[in-house]
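For reference, the structure discussed in these notes is given below.
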Amino acid sequence: LQPFEIRNAFAVPFDYRVLFTDFVLRPDNPALADLLSPVGHAHSSRAVIFIDRGFHEANPAVITDAAAYFSAYPGRLKLAEPPVVVTGGETAKHDFAVFEQTVQVLRQAKLDRHSYAILIGGGAMLDACGFAAAAVHRGVRTIRIPTTVLAQNDAGIGVKNGIDFLGQKNFLGSFYPPYAVINDYTLLTSLPMPMKRDGHAEAVKVGLIRDAAFFEWIEQNTLPLSLGEEAQIRYAIRRCAEIHLKQITGAGDPFERGSARPLDFGHWAAHKLEQMSGFTLRHGRAVAIGMAIDVLYSVRTGMLPEADGQRVFRVLNGLGFDFNLGPIDVNVLLGGLAEFQEHLGGELCVTMLQAIGIGVEIGQIDMDLMRTCCDRILHP
Ligand SMILES: NC(=O)c1ccc[n+]([C@@H]2O[C@H](COP(=O)([O-])OP(=O)(O)OC[C@H]3O[C@@H](n4cnc5c(N)ncnc54)[C@H](O)[C@@H]3O)[C@@H](O)[C@H]2O)c1
Ligand SMILES: [Zn+2]
């Protein structure tokens, strides 16, 4: 009974572009037009624009600005439908409403695989609409224009999308690299302070697991970052994006085929805490708490020097994160480790810290010790 096998391997190159520009929708800024329709392109490029409702409420002119932008490039750009406002925030990922709305609009606009879905919004909306755009015709070109710090430095520039399903965060989704990402700092001005701070959690995360120098920079700039100073936030976003992209494009596993989720430090607890809160706990704050737990675990197991652990706590506190969520059932929280493993498939693989800037993947957790660490952080 010898099986007959035809076996081939293939590789697909992706051109991954993250552009940094200001005032992306000002008609005299050609960045978006040049992306959609390079000069000399024979046909006009068709697109539909989806806008996060929270962003729209804070920036009502965005709809007319977007339409005016397209009108300024006749023969090169064409809006296939008027801009569409969709629910933003985690609610966008709770059910199929935003997913379905996006699918309907793309169908109505007769968008094909050479047209563009332009998504303007926070990480949750980008995840939900991006999942729909990846599914329609098995993938409509997607341009992400993130409007939160967290989405500009992390969520918006990754290759993943998804929605929550059956009570589990990101249970459905896909790996679908966007055609391009445009990071425009000026879109962040309307973001309330606590949400600006959320983004810093992901910055601390990449510093801790990948780049000691960047963590030290955050350490020295904790105060201006906590106050929302422009120069520091601009630098942090840019550096985070660089580190993330390096991981995605250079580490050999962009679609996470291996057992590790290399950029998910602190995320097993974060995702479970978000779920336990009925998704009212914002992702950034949850990640800060999740990191605190795993930093303490790293210290208590002797992997990380105590003094380095103290530095991380000082930075998280200095940025304005607090870990008090009221009473939390730690046994339920620990169930997040099993869910994390399930999401990966195969072996448990959790990132801990060996030093500032060096993450280490471990396959076994001392559950009693982890219970103690969760308790210590959540119920001091
Ligand atoms: N795909 C990935 O790789 C990835 C990575 C990290 C996080 N995520 C996901 O991203 C989500 C969190 O994203 P987030 O932190 O960007 O928050 P969010 O998308 O939940 O947005 C937070 C709130 O801000 C509003 N908003 C957005 N931009 C605004 C602006 N400029 N001014 C005023 N209000 C604005 C939104 O409407 C929403 O109410 C989570 O669901 C998380 O799982 C995905
Ligand atoms: Zn995250």
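The values are calculated or read from the model by the stated rules, or taken from the named source; none is laboratory data. Computed from a predicted model, the values in this text were never measured in an experiment. Using ideal geometry, Cβ is built from the backbone for each residue, glycine included, and neighbour counts are taken over all protein chains shown. These area figures cover heavy atoms from the full protein model, side chains too; ligands, DNA and RNA do not enter into them. Shrake-Rupley method; radii C 1.70, N 1.55, O 1.52, S 1.80 Å.
Could you do me a favour and compute the accessible area per residue for region 112-178, 1.4 Å probe, result in Å²?
Values: 1920 Å² over 67 residues.
Per residue, region 112-178 has an accessible area of 29 Å².
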Fill in the blank from the handout: Exposed chymotrypsin sites (Phe, Trp or Tyr not before Pro) being those in a DSSP loop with at most 11 other Cβ atoms within 10 Å, the longest stretch of the chain free of them is 11-380
Practice task
Please give the calculated 222 nm ellipticity per residue for the chain, where each DSSP H segment of at least 4 residues contributes -39500 (n - 2.57) and the sum is spread over every residue; nearest 500 deg cm²/dmol?
Solution key: -14000 deg cm²/dmol
Problem - Charge dipole of the chain about the Cα centre (unit charges at C-beta), most positive-ward option of 284, 84, 297 - result: 84
Handout entry: Gained length - residue 39 relative to residue 212, 0.36 nm times residue gap less alpha-carbon distance
Key = 58.1 nm
Exercise for the section: Could you state the angle between the C-alpha long axis of helix 283-300 and the longest principal axis of the C-alpha atoms of the chain, as a value from 0 to 90 degrees rounded to the nearest 10? Expected result: 30 degrees
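Could you calculate the FRET efficiency of residue 253 with residue 97 from 1/(1 + (r/R0)^6), where r is the beta carbon distance between them and R0 is 25 Å, rounded to 0.05?
Numbers: r = 33 Å, r/R0 = 1.31.
Computed FRET efficiency for residue 253 and residue 97 comes out at 0.15.
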Exercise for the section: Compute the distance in nm between two label points, each set 7 Å from the Cα along the Cα-to-Cβ direction, one at residue 332 and one at residue 29. Expected result: 4.3 nm
Completion exercise
For the chain, longest principal axis from Cα atoms; helix 193-210 axis from its Cα atoms; angle between them, nearest 10 degrees, is 70 degrees
Exercise for the section: Round to the nearest 10 and report in Å² the accessible area of residue 41, as given by a 1.4 Å probe over the protein chains' heavy atoms. Expected result: 90 Å²
Problem - Total charge dipole magnitude, region 222-340, about the Cα centre, Cβ charges on Lys, Arg, Asp, Glu only, Debye to nearest 20 - result: 200 debye
Completion exercise
Note, residue 173: beta-carbon cut-off 11 Å, +1 each Lys/Arg, -1 each Asp/Glu, net +1
Problem - the chain: relative contact order as a whole-number percent, Cα under 8 Å and 6+ apart - result: 14 percent
Practice task
Determine the dipole magnitude for region 239-291: charges of +1 sit on the beta-carbon of Lys and Arg, -1 on that of Asp and Glu, nothing else is charged, the reference point is the Cα centre, and the result goes in debye to the nearest 20.
Solution key: 120 debye
Problem - Label-point separation, residue 307 to residue 371 (7 Å along Cα→Cβ), nm - result: 3.4 nm
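Using a probe of 1.4 angstrom, how much of the accessible area of region 241-290 is carbon and sulfur, in percent? It would help to have the intermediate numbers written out before the result.
Details: 930 of 1850 Å².
About 50 percent, which is the carbon plus sulfur part of the accessible surface.
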Problem - Accessible-area composition of region 57-123, carbon plus sulfur, in percent [1.4 Å probe] - result: 54 percent
Fill in the blank from the handout: With +1 on the Cβ of every Lys and Arg and -1 on the Cβ of every Asp and Glu, the dipole magnitude of the chain about its Cα centre, in debye rounded to the nearest 20, is 900 debye
Fill in the blank from the handout: Taking trypsin sites (Lys or Arg not before Pro) in a DSSP loop with at most 11 other Cβ atoms within 10 angstrom as exposed, one finds the longest site-free stretch of the chain at 114-256
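Roughly how compact is region 100-199, stated as its Cα Rg over 2.2 N^0.38 Å to two decimals?
On the way: Rg = 13.5 Å, N = 100, 2.2 N^0.38 = 12.7 Å.
The reported ratio for this selection is 1.07.
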Exercise for the section: Tally the DSSP beta bridges in the chain and give the antiparallel ones as a percent, rounded to 5. Expected result: 25 percent
Completion exercise
Env charge @ residue 32, Cβ radius under 15 Å, K,R +1 / D,E -1, value +2
Exercise for the section: Would you mind getting me the FRET efficiency between residue 63 and residue 110? Use the beta-carbon distance for r and R0 = 22 Å, nearest 0.05. Expected result: 0.55
Fill in the blank from the handout: Sorting 237, 42, 148 by the position of each Cα along the dipole of the chain (Lys, Arg +1; Asp, Glu -1; all at Cβ), the one nearest the positive end of that ordering is 42
Practice task
Would you mind checking the tilt of helix 306-318 against the longest principal axis of the Cα atoms of the chain, expressed as 0 to 90 degrees and rounded to 10?
Solution key: 50 degrees
Handout entry: Positive-pole candidate from 359, 9, 373, dipole of the chain, charges at beta carbon
Key = 9
Completion exercise
Gyration tensor on Cα atoms of region 251-380, a ≥ b ≥ c root eigenvalues, a/c under 1.5 rounded, else prolate if a/b beats b/c, else oblate, says rounded
Practice task
On each of the three principal axes of the Cα atoms of region 227-279, give max minus min coordinate, whole Å, ordered largest first.
Solution key: 36, 35, 13
Completion exercise
Taking a ≥ b ≥ c as the square roots of the Cα gyration tensor eigenvalues, with a/c under 1.5 meaning rounded and otherwise prolate when a/b beats b/c or oblate if not, the chain comes out prolate
Problem - Inter-label distance, nm, simple model (7 Å from Cα along the C-beta direction), residue 5/residue 347 - result: 2.2 nm
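Keeping the other protein chains in place, figure out the carbon and sulfur percent of the accessible area of region 308-380, with a 1.4 Å probe. Intermediate results must be reported in sequence, preceding the final value.
Details: 1690 of 3540 Å².
The nonpolar share, carbon plus sulfur, comes to 48 percent.
Can you give the local net charge around residue 48? Use residues other than it whose beta-carbon is closer than 13 angstrom to its beta-carbon, Lys and Arg +1, Asp and Glu -1. The partial results should precede the final answer.
Values: positive: 46, 78, 107, 110, 141; negative: 81, 112.
Local charge sum for residue 48: +3.
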